[in-house]
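Everything on this sheet refers to the single structure shown next.
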Amino acid sequence: MTPRIASAALAVVAVVVGVTLYLRAGDWAVSAARRRCSVVAALVWIGPAVLLVGVVLVAPAIGTIRTSFLDGDGEAYVALDNYRTILDDDTLRVSLRNSVQWVLLLPVASVGFGLATAVLADRVRYESVVKAVLFFPLAISAVAAGVIWRFMLDYRPPGAPQTGTLNAVVAGLLRRAPIAWLIDRTFNNLALIGTTVWTQAGFAMVILSAALRAIPDDVLEAARLDGASEWRLFREIKLPYLTPTILAVMTTMVVVALKAFDIVYVMTNGAFETDVLATSMYKQLFSYRHLGRASAIATLLMFAVTPLMLLNLRAYRREARARA
Amino acid sequence: MMTRRRVGMGAVLLAVGAAASGGTTVLTAAGESRLVEAARTAADAIAGGEEIGGSVSLLGVLGGEELDDFLGVLAPFEEATGIAVEYEGSRDIGAILQTRVEGGNPPDAVSTPNLGQMADLAEDGAVTDLREVIDADVLAAGFEPSILEVASTESQLYGLFTTVNLGGLIWYDPSVYDGPTEPESWDALVEWSRTTAAAGVTPWCIGLESGAASGWPAADFIDDILLRQAGPEFHERWWRGEVPWTSPEVVRAYETYGEIALDETLVYGGVTTQLATNFANGADPMFADPPACYLHQQATFMGGIILSNFPDLEPGSRLDFFAAPTFNPDFAGTQSISGEIVSVLNPTEQAVALAQYLATPEAGRLVAETGRWLSPNLQVDSESYTDPFLGRAADVLQDATSSHYLGNALMPTALVEAFWGSTLDYLERPGDLDDILADLDEVSAEAYAD
C-alpha cells in the first residue's frame, strides 16, 4: 500500500511541476517569437491538447473503426459482415430497436418532468423542497437506482402479498392483476427508461430552472401589464427564451440514452428483449469475445452521437455570436 | 482467442463419506473448535510457522450467507498466515474475469463453478499449474484421479475442487407433503403433481432469476434430465459440442422440464412468477401458511439457503429431500454433480498458500461442517457432515452407479450463457423450441470453432 501512495504522490508532483515548466517555457518561447509569427503561439498552446485528444480519443476511435471490419479474433478482414450481423441477428436488432426507443423517450420525458417542475416550483414557497426531492436521485449511483427500482417493481403472483411498491398500488388500490414490470414486454423497456428518467429529471430541472431565472424580469412584467395570461406568458416568452437550453439538455439526454448501460445491466441484464446497444456491445466483447462485432456496435454508437454533437456545437456558436 | 477446449473426462467418481454411511455425528462446541484448530495448524504448516502477511484477491460467485460460510472456511488460514483474503463476489463472473484477464489485472485466484472458462484461460496460459504448487502426495491422498482429471487440460491441473453439490434433488416439507418420496419414475411424480393440482394446490415452486446468470437453475435441471434420460455418453458428446442441440434427445430434455414448468396449474404463479423470482427465494412459498407449493427442485446447497431464509425450520421434520426419480431405467443410478474449483492466476506466495490450504483435508472438513456443500476431499469422512442432508447426499452419491459433472459448467462461457438464457426463452415461447435450439447450435459452432 505505502509504495502505491508514494508513487501516486510522486505522479501528482511530477504533473504539477511538468505543467508549470511547460507553461513557463511556452511563455518564454511565445514572447521571444511574438514579432515573427503567431503560429508558434498557436502550436505551443494547442499542441498538448491536440496531442492528448489524439492519443486518448482519436487514435482509439480509429482503432475501433478498423477492428469493426475484422472478425471475432480481430485478425481477418471481413468487410461489412459485422454491420450486417447487427441488422440481421435477432437479439442485436432488438437492442438497436430498444436504443431507438430510449433515444426517443428519455429526452422527452426527462425534459418534460424537469421543465414542469422548474416552471411550477418557481411559483410556490416550498420551491427548494420540491427541487431537492427531484434532485436527490441524481446523487445516487445508477447501480443503486437500479437496485432500488428492482424492489419497487417487484412482482408476486396474484393473491400473494405484493412487496413491490408499484404492484402494491396496482393490486391493492386499483384491484388489478399485478404486472411483471421487468418481464412483460409491454412494460419492461418503459420501466428501465422510467428508472433512468427518475435519475436524470433532476439534472434537467436544475439547468432549466437556472435558465428560467435568466429571463429578464422587465419583459415578463411588461407582458403581464399588457394583460397576457400565465399560459401565454409561458408559451410566447418563457419557452422561446428556454429553447436553446432545452435543446442542450435534450442532447445531453440523447447521449445518456445512447450510452445507457448500468441500469439495464443491473435490472434485467438484457433479458426479455431489454438489451440496448451498450449492453450488447459488452456481451459481444466479454461473453462472446467477438472483437469485430463489439467494435462495430461501438462505431455505430459513436456515429449516432456525432450529428448531435455538431448540432449542439452550432447552437452554442450561434448563441455566442448573438451575445457578442 | 477462442481456443478449442480440452476439458478432462466428464465422469467423476466421488467417494464422499466413504468411511461410514447414514450415521451423522453432531459435533459439540469443543469439536467444532477442534476442527478450526486443526485447520489453523494445517495453515501454519503451509506457512512454515511464519507470518506471511499481505493479501490475496479471490474472485467468486458467492454472496450473502453462503459467502459468510465459505469465508468461515478460510478464516483459520487468515489467522494462521496473516494473509487477508479479499473476496469479490459476482454472478457475472464470466465477463468480469474475462475483462480483468484481458485488461492485465487478473485476480490472484478464482473460485468458480465455470470449469469451461478456466479451461479456456488455462489454454491461453493464464492459469498456474496446480501440480507445480501443491504436493503430489497431498493431491493423491485427497482427491480421486477423476476429479483432478475433470479440472485438467492435457498439460496442467488448472483447478482444484473445493465444494461439491449433488444435483437433481427435490426438496419438500415432510409436515405437509403427502406425495411419494421414492417415486418409481418421473412420470409417477408428474402424475402425482397433476392429481394434487386438480385438488387445488400448485405442487411446484420454481425461481429462475439470478441477475446476469438468470435461467441457470432451469439449465441445471435440463442438464441433469439429459444426463439421466439420454445417458452419460450422449451427455458428454453434447457438452463437448459433438452433437447438435437440435437432437431429439435435447429436445426431449427441454420438453420433460417443460412438462412441469410450462403448466400453469403445476407451478406456483405460472411462468411469470418463475421468471421474476430469485433462485434463492424459489422455495419460499413452500413455507407460507398455508403452503403455496410442495416441491422444489435444486441441488444440495439449497438446503442451506432455505434454512438461511427460515432459521426456525427444523431440518428433517420441516425440510427434507429425495433424489429425482429415474427418467430412463437404463440409466438408473446416474447422478449429476456440480461444484466450485479454485484456480490460481497470479502465483503469488499468498495465492499459492491459499490453494495449498484448500487442498488439505482440514479445510475440507470445514467445508463439510458448513452444512452447505460436500467436500471433494477423500480424507473427509461422513462424520464431518453435521448437517443431516449432506450426510444423506453423501449416501446417495455413494449408491450412485456413476456421477457426472453438469455440462453447463464445462462448456465455453458464451455457450453456457446462451444455454441459461435459452431456458427463459423456452418458458416464454415454448412453441419456438426448435428455433431456440437452432440458435444454440449457432452459438456452439462459434464457441467451439478454433
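The values are calculated or read from the model by the stated rules, or taken from the named source; none is laboratory data. Bear in mind that the values here come from a model prediction, so they are computed numbers and not experimental data. Neighbour counts run over all protein chains shown; Cβ positions are idealised from the backbone, glycine included.
The residue that is nearest to B:T153 (Cα to Cα), among those in segment B:87-138 that are of a type in the set (D, E, K, R) and within 14 Å of another protein chain (Cβ to nearest Cβ), is B:E123.
Suppose we keep only residues that are farther than 19 Å from A:T199 by Cα and of a type in the set (A, V, I, L, M) within segment A:146-174. Which one would you say is surrounded by the most Cβ atoms within 10 Å (Cβ to Cβ)? Filtering segment A:146-174 for residues that are farther than 19 Å from A:T199 by Cα and of a type in the set (A, V, I, L, M), the one surrounded by the most Cβ atoms within 10 Å (Cβ to Cβ) comes out as A:A171.
Does segment B:386-397 contain at least one residue that is in contact with a helix residue (DSSP H, G or I) (Cβ under 6 Å, 6 or more places away or on another chain) and either modelled with pLDDT of 95 or more or closer than 24 Å to B:I206 by Cα (or both)? Within segment B:386-397 (the criterion being in contact with a helix residue (DSSP H, G or I) (Cβ under 6 Å, 6 or more places away or on another chain) and either modelled with pLDDT of 95 or more or closer than 24 Å to B:I206 by Cα (or both)), the answer is yes, since at least one residue qualifies. For segment B:261-278, a residue qualifies if it is surrounded by 24 or more Cβ atoms within 10 Å (Cβ to Cβ) and within 23 Å of the chain's Cα centre (by Cα), and the qualifying residues are B:A261, B:Q274, B:L275, B:T277.
Restricting attention to segment B:403-450 and to residues that are within 30 Å of B:P145 (Cβ to Cβ), away from chain A (no Cβ under 11 Å) and more than 19 Å from the chain's Cα centre (by Cα), the residue that is surrounded by the most Cβ atoms within 10 Å (Cβ to Cβ) turns out to be B:S444.
Only residues that are under 16 Å from B:A276 (Cβ atoms) and of a type in the set (K, R) were counted across segment A:136-188, and they come to 3. Scanning segment B:152-165 turns up no residue that is assigned to a helix (DSSP H, G or I), out of contact with any strand residue (DSSP E or B) (no Cβ under 7 Å at 6 or more places or on another chain) and touching a residue at least 40 places away in the same chain (Cβ under 8 Å).
Wholly within segment A:71-188, which helices (runs of 4 or more DSSP H) include no fewer than the required count, namely at least 3 residues that are more than 12 Å from chain B (Cβ to nearest Cβ) and of a type in the set (S, T, N, Q)?
On the way: elements: A:81-88, A:90-121, A:127-135, A:142-152.
Answer list for segment A:71-188: A:90-121.
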